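The values are calculated or read from the model by the stated rules, or taken from the named source; none is laboratory data. Fair warning: this is a prediction, and the values are worked out from it, not measured in the lab. With ideal geometry, Cβ positions are generated from the backbone for all residues, glycine too; neighbour counts draw on all protein chains shown.
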């Protein structure tokens, strides 16, 4: 019998930079950042040299180049090897200065003028605008690479407060490991050489290097955790000294795959998946040893039902699990046993606050009963099916999913035409998508809570707006590399060829290849009145929704 | 229906009732005073018709905030019914005498009738489409049917080759080829009949008794394809009707407005 042989993919099959040499690795090992690292603590299969060789790359920045931008998502951290960088502190930096699209909402007449100014040719671009963008090619790396840069660095240094980052400084690790937006904008003041470490390598270094781990954890405790705890209603009323004790006792845990969207896409195409494939965090019937708070990502709460599990709720960032069980056990003097299970949906970062800390500092101050999840006893299974589907399909990630009620939709495509008329003649979504019962989630950008599309955008063209939280693409700085479209787990981003008014494809003068642009729903950010698709539906069948259990329960048949 | 939608509907109906009530009182007052209320009711009717026609223009102006189309549709539907009763108030009979007025009446009634039919099918057809358990974009239906036909033919050929029997192949050529050629049972699907599904069951039963176990497995697959195709046919029929009824309603409206304008001119030039 013939047997097909294929080697399984290995950890370092795709190095971050295939050009990285042994010599460069040796040089890096000699730098202060790595010379003090105890290399023998790294396992044989994941040596520090291997991490540096495969999970890092050396990047050169020119004066003004933006390295990381506040609000962006990224999966790399940086170590300054040479040069000087500046970080903006304490002041809001104008969006345009950072190469972001500043949204100018059109007036009534301006909007109306689209009636006659829209071209018959779709995706027409004004190429004269492209010269004005603060974007430049990085001629030392691959052809697809380009960077947003600050044009007048001295003026910016005069106008804004900045702090200097010099040799040996490390930044970006919290955002890279915690899947949270970058908290500051950093740019090169001089020619600078940085070591970019992708999250896989960062995770390994954190795992095997005690000093690095402590440093990251300390940074998180000092910077983010205190704020997180202060904003959590459970800890309202606790003074700072108590909060500090809670923070110091809190443990950090990660479940699931960081690049869940890749495995999710694979899972959907193979038809596998479901609750059985989700990494468990806590199991029903087990002893509850602490309060679990979701820092990033999503988790499913379920209870055993028949031969499977039934979803009770899902938790997103800021929500918690296990509080009521711990509180009741403390109040009644019984053992805390979990009444439900918790599993990671894709990827989730958990903060575990030990029960002892709660018993000492939090429970004595509670008045009233903590809320519980929805009681399933009186609920027919059918009522939960929409939520189960939304969780299975990961639509819970969406904050503005396009939900169409097929019992009302007359398939007139007025929504599609309205979208096209507000986007230069080409719609930004497809009235087609996954269906369940009489609901369809159409292929329109859902403006996700965890926007994986933003990870890896080389120019930061795809970004979240500071006001409104929409995920939009700056057409001027999009280089059409398709990273976002490939990353979107829901296939809601499309690449189009830019065209001139006469309909011809615009070619890149250097490569003679068509200029491509990523396009997607922008919630009609520039038009007055909100999304045109919603307004255009004569039957009220189309809505933009966050997949919240409560709202879905209202919609259940 | 959400509470906001319900409140909106109540307000629109209330407004329509108030307008009708006022016009009715005006007409009655005029009748008592031996005067004519036709000018008032006529202008109201014409104004309503213009307002109803503007709904079509609103669809082309989606880029500006002119309110939700759902509100417009509600106003259009209630306004259409109001126009009907105002028309009766205006003409004071169901069917006029003069030929010109009869032309006007034909266009008016036809417009109202197509409107009511269109509104009704838009209320009922989407649910029937959902019940097929599939969703397909109308423009993709021809390609879908073509792919289904290809798969069905491949299946029949494979059955003939693997089982060395032509029974299923002959049956396909005699009966099922017709079914897979293009959308079928259009009228039945439009009126909600199950004839398509019944026909498929008949075909299955008729040929099954002559097949071996191996052939029956192929027949099962073929029947599953045919049942899917029947669902596609339902979409073709219902989506087609939902898309095309406006091709009657809108031209009738345009014709009605043109004749009404002429009627208005004649009345103002000669009758006053």
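Since residue A:436 meets every condition but one in (1) surrounded by fewer than 20 Cβ atoms within 10 Å (Cβ to Cβ); (2) closer than 30 Å to residue A:112 by Cα; (3) within 14 Å of chain B (Cβ to nearest Cβ); (4) in contact with a helix residue (DSSP H, G or I) (Cβ under 8 Å, 6 or more places away or on another chain), which condition does it not meet?
(2)
Can we say residue A:411 is in contact with a helix residue (DSSP H, G or I) (Cβ under 8 Å, 6 or more places away or on another chain), at positive phi and within 14 Å of another protein chain (Cβ to nearest Cβ)?
yes
If a residue has to be over 22 Å from residue A:229 (Cα atoms) and surrounded by fewer than 22 Cβ atoms within 10 Å (Cβ to Cβ) to count, how many in segment A:273-300 make the cut?
Total satisfying the criteria: 12.
State whether the residues of segment B:106-119 include one that is farther than 30 Å from residue B:78 by Cβ and modelled with pLDDT of 95 or more.
The answer is no; no qualifying residue exists.
Residues A:83, A:107, A:90, A:99: which one is more than 26 Å from the chain's Cα centre (by Cα) and either away from every other protein chain (no Cβ under 14 Å) or at pLDDT below 75 (or both)?
A:83
Return yes or no: is residue A:425 in a loop (DSSP other than H, G, I, E, B), more than 9 Å from every other protein chain (Cβ to nearest Cβ), surrounded by fewer than 23 Cβ atoms within 10 Å (Cβ to Cβ) and at pLDDT 85 or above?
For residue A:425, the condition - in a loop (DSSP other than H, G, I, E, B), more than 9 Å from every other protein chain (Cβ to nearest Cβ), surrounded by fewer than 23 Cβ atoms within 10 Å (Cβ to Cβ) and at pLDDT 85 or above - is met.
Would segment A:515-525 turn up any residue that is within 14 Å of another protein chain (Cβ to nearest Cβ), touching a helix residue (DSSP H, G or I) at 6+ places or on another chain (Cβ under 8 Å) and surrounded by 20 or more Cβ atoms within 10 Å (Cβ to Cβ)?
Yes, because at least one residue in segment A:515-525 is within 14 Å of another protein chain (Cβ to nearest Cβ), touching a helix residue (DSSP H, G or I) at 6+ places or on another chain (Cβ under 8 Å) and surrounded by 20 or more Cβ atoms within 10 Å (Cβ to Cβ).
Given the criterion assigned to a strand (DSSP E or B) and crowded, with 16+ Cβ neighbours inside 10 Å, identify the matching residue among A:93, A:80, A:37.
Sole residue among the options that is assigned to a strand (DSSP E or B) and crowded, with 16+ Cβ neighbours inside 10 Å: A:80.
So which residues in segment B:55-71 are free of Cβ contacts under 8 Å to residues at least 24 places away in the same chain, more than 7 Å from every other protein chain (Cβ to nearest Cβ) and under 13 Å from residue A:538 (Cβ atoms), if there are any at all?
Of everything in segment B:55-71, those that are free of Cβ contacts under 8 Å to residues at least 24 places away in the same chain, more than 7 Å from every other protein chain (Cβ to nearest Cβ) and under 13 Å from residue A:538 (Cβ atoms) turn out to be B:55, B:58, B:66, B:67.
The rows are residues; the columns are (1) within 14 Å of another protein chain (Cβ to nearest Cβ); (2) crowded, with 16+ Cβ neighbours inside 10 Å; (3) modelled with pLDDT of 85 or more; (4) more than 32 Å from the chain's Cα centre (by Cα).
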site	(1), (2), (3), (4)
A:315	no, yes, yes, no
A:320	no, yes, yes, no
A:351	no, yes, yes, no
A:360	no, no, yes, yes
A:365	no, no, no, yes
A:369	no, no, no, yes
A:391	no, yes, yes, no
A:405	yes, yes, yes, no
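Taking residue A:52 and the conditions (1) under 21 Å from residue A:182 (Cα atoms); (2) in contact with a helix residue (DSSP H, G or I) (Cβ under 7 Å, 6 or more places away or on another chain); (3) in contact (Cβ under 8 Å) with a residue 24 or more places away in the chain, which numbered condition does it fall short on, given that it satisfies the others?
(1)
Taking residue B:52, is it buried (at least 19 other Cβ atoms within 10 Å of the Cβ), closer than 27 Å to residue B:263 by Cβ, within 14 Å of another protein chain (Cβ to nearest Cβ) and in contact with a helix residue (DSSP H, G or I) (Cβ under 6 Å, 6 or more places away or on another chain)?
Considered against the rule, which asks whether it is buried (at least 19 other Cβ atoms within 10 Å of the Cβ), closer than 27 Å to residue B:263 by Cβ, within 14 Å of another protein chain (Cβ to nearest Cβ) and in contact with a helix residue (DSSP H, G or I) (Cβ under 6 Å, 6 or more places away or on another chain), residue B:52 comes out as yes.
For segment A:229-264, which positions are buried (at least 20 other Cβ atoms within 10 Å of the Cβ), at pLDDT below 80 and part of a helix (DSSP H, G or I)?
Across segment A:229-264, the qualifying residues are A:260, A:261, A:264.
Within segment A:530-545, can you find the residues that are within 7 Å of another protein chain (Cβ to nearest Cβ) and either touching a helix residue (DSSP H, G or I) at 6+ places or on another chain (Cβ under 6 Å) or crowded, with 22+ Cβ neighbours inside 10 Å (or both)?
A:532, A:535, A:536, A:537, A:538, A:540
Among the listed residues B:117, B:137, B:121, identify the single one that is over 23 Å from residue B:194 (Cβ atoms) and either at the interface with chain A (Cβ under 9 Å from one of its Cβ atoms) or surrounded by fewer than 17 Cβ atoms within 10 Å (Cβ to Cβ) (or both).
Step by step, each of B:117, B:137, B:121 is checked, and only B:137 is over 23 Å from residue B:194 (Cβ atoms) and either at the interface with chain A (Cβ under 9 Å from one of its Cβ atoms) or surrounded by fewer than 17 Cβ atoms within 10 Å (Cβ to Cβ) (or both).
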